[in-house]
Amino acid sequence: MEEEALFEVAKQFQINGTPTKVKKIKSGHINNTYQLDCIQQNGNTTSYILQKVNTHVFPNIKAVMDNMQKVTQYIKQNSSGVTAGIINTIVGNQPPLWNGCWRVIEFIPNTTSFETTTDINLLLEAGIAVGKFQKQLDGFKAEELIETIVKFHNTKYRFNNFEQAIQSKQNQNEREKRFKLAEKEIQFVIERKKITGIIIEMLEKGKIPLRVTHNDTKLSNILFDKTMKKAVCLIDLDTVMPGSMLYDFGEGIRTSCTLAKEDEEDLNSVIWEKKRYEAFTNGFLQEVNEKITKQERELLPQAAILMTFENGIRFLTDYLNGDMYFRTNPEISEHNLKRAKTQLELVRQMEQNKTEMMKINF
Ligand code: GN1
Ligand code: MG
């Protein structure tokens, strides 16, 4: 969209100042996100996040906004925490959307985020941010949130979708090509069917508690103070829902435990590193130490494997289905397959290092 048109959208919201600049933020596979800069009368600049929500992925956008609003208000009021709140529209409609899909969110100044980092201390901070989110929402009842994407982290359900993709007969020629290229990965996933139920069954049986969870705690969704290098807060609260804290731990580890990017093409550089796992885990446990149950603690290594595996399954399924869900970069061939490969490679390495991982969480 042209800059002027984006400015017009932004003007539908209660923003301070006049829009002067808009810049596309490229990370994120679902929504379209921009940083909007506005100039104030005193010459200062205030920034906002302007976003077009993908309503195919989030058909119940009202519930998504309600969840976000409840959680951000709670963090601000009850925990005096920092979080990116939602900006109202000028006409004050609820939920505060324009044209059913556009919204504006606060931009937290002097912060930055990383897709990956060599700084181990930042990984400790990342673990702290994810753990702190749990702590901040401790008193908030998970039942007050709507499950906006049903079975989001139900790995058994994700595996079923994968099985359906293998069986589907649409688009034969293209599919045959994709199946051939993904042969090894398909096999790898099939061999691990039995692990897919581990967390969801514990939750369903009430053996681990249902909590408020972020559900997309990848490293790039954590803001850090630019100068102090301290974690500030989690962003991208679209998927805040009832869940297990193991989901947030696992998603954090999936993206923190390696220096490799999610779509790294050279699998030899996808390396799980103990010191990275250890740093994130220490940060996380430092925050949740008082509330994590024995069962949850025991499941941390398994959660890291399972959340990484689940993303691998989802990328692979989307690849086999013809890239319908995750945004792909046309300049990267077989993009979703590449993403699946990095995730499954990490799963393979974490399985080998599980004994080491078990020693870290006690
Ligand atoms: C998607 O849109 P984004 O980048 O925040 C996805 C997550 C995946 C992630 C993989 C709603 O998140 O579940 O873990 O990509 N979000 C949704 O990078 O499906
Ligand atoms: Mg997200």
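Using Cβ point charges alone (K and R +1, D and E -1), the dipole size of region 3-109 about the Cα centre works out to roughly 200 debye. With the simple spin-label model, which puts each label point 7 Å out from Cα in the Cβ direction, the Asp37 to Met1 separation comes to 2.0 nm.
Hand me the GluC sites (Glu not before Pro) from region 273-308 located in a DSSP loop with no more than 12 other Cβ atoms within 10 Å, in residue order please. Let's see the in-between values first.
Details: sites: Glu273, Glu278, Glu287, Glu290, Glu296, Glu298; in loops: Glu273, Glu290.
When the GluC sites (Glu not before Pro) of region 273-308 are filtered for loop state and at most 12 Cβ neighbours within 10 Å, Glu290 remain.
Ignoring ligands, DNA and RNA, what percent of the 1.4 Å accessible area of the chain is carbon and sulfur? It would help to have the intermediate numbers written out before the result.
Working: 7990 of 16750 Å².
Here it works out to 48 percent.
For region 196-213, backbone phi angles converted through the Karplus equation (6.51, -1.76, 1.60; θ = phi - 60°) give residue-by-residue couplings of 5, x, 4, 6, 4, 6, 5, 5, 5, 7, x, 7, 10, x, 7, 9, 7, 10 Hz, Gly and Pro being listed as x.
The trypsin sites (Lys or Arg not before Pro) of region 1-97 that meet both conditions, a loop assignment by DSSP and at most 11 other Cβ atoms within 10 Å of the site Cβ, are Lys26.
The angle between the Cα long axis of helix 335-352 and the main principal axis of the chain comes to about 60°, on a 0 to 90 degree scale.
Between Arg348 and Glu204, the contour length at 0.36 nm per residue exceeds the Cα-Cα span by 49.1 nm. For Cys233, the amide hydrogen comes within under 5 Å of the amide hydrogens of Leu223, counting only partners 5 or more places away or on other chains and with H modelled in the peptide plane.
Tell me, what is the percent relative contact order of the chain, built from C-alpha pairs under 8 Å that lie six or more residues apart? All intermediate terms of the calculation are to be shown ahead of the outcome.
Numbers: 612 pairs, mean separation 67.9, N = 362.
Averaging sequence separation for qualifying contacts and normalising by length gives 19 percent for the chain.
Based on Cβ point charges of +1 for Lys and Arg and -1 for Asp and Glu, what charge dipole magnitude is obtained for the chain about its Cα centre, in debye rounded to the nearest 20?
Working: 48 positive and 47 negative charges, 112 e Å.
For this selection, approximately 540 debye.
Express in nm, to one decimal, how much length is gained between Asp119 and Glu8 on full extension, taking 0.36 nm for each residue of separation and deducting their alpha carbon distance. Can you show the working numbers first?
Numbers: separation 111, 0.36 × 111 = 39.96 nm, distance 4.01 nm.
My answer for the length gained is 36.0 nm.
Highest mean first, the peptides 328-336, 103-111 sorted by other C-beta atoms within 10 Å per residue fall in the order 103-111, 328-336. For region 3-109, the relative contact order is 27 percent, taking Cα pairs closer than 8 Å that sit 6 or more residues apart in sequence and dividing their mean separation by the residue count.
Once you reduce region 192-220 and region 281-333 to the center of their Cα atoms, the two points are 10 Å from each other.
Peptides 350-361, 311-322 ranked from most to least packed give 311-322, 350-361, packing being the mean of other C-beta atoms within 10 angstrom over each peptide's residues. When the chain is treated as a GNM with alpha-carbon contacts under 10 Å, the residue of Phe249, Phe188, Phe224 showing the greatest mean-square fluctuation is Phe188. Rolling a 1.4 Å probe over the protein heavy atoms leaves Asp66 with an accessible area of roughly 40 Å².
Would you kindly calculate the mean projected area, averaged across all directions, of the convex hull enclosing the Cα atoms of the chain, in square nanometres?
Working: hull surface 74.5 nm².
If you wrap the Cα atoms of the chain in a convex hull and average its projections, you get 18.6 nm².
The values are calculated or read from the model by the stated rules, or taken from the named source; none is laboratory data. Computed from a predicted structure; not experimentally measured. Counting neighbours? That spans all protein chains shown, and the Cβs are built from the backbone with ideal geometry, glycine included. Just so you know, the surface numbers come from the protein's heavy atoms only, side chains and all, with ligands and any DNA or RNA stripped out. Shrake-Rupley method; radii C 1.70, N 1.55, O 1.52, S 1.80 Å.
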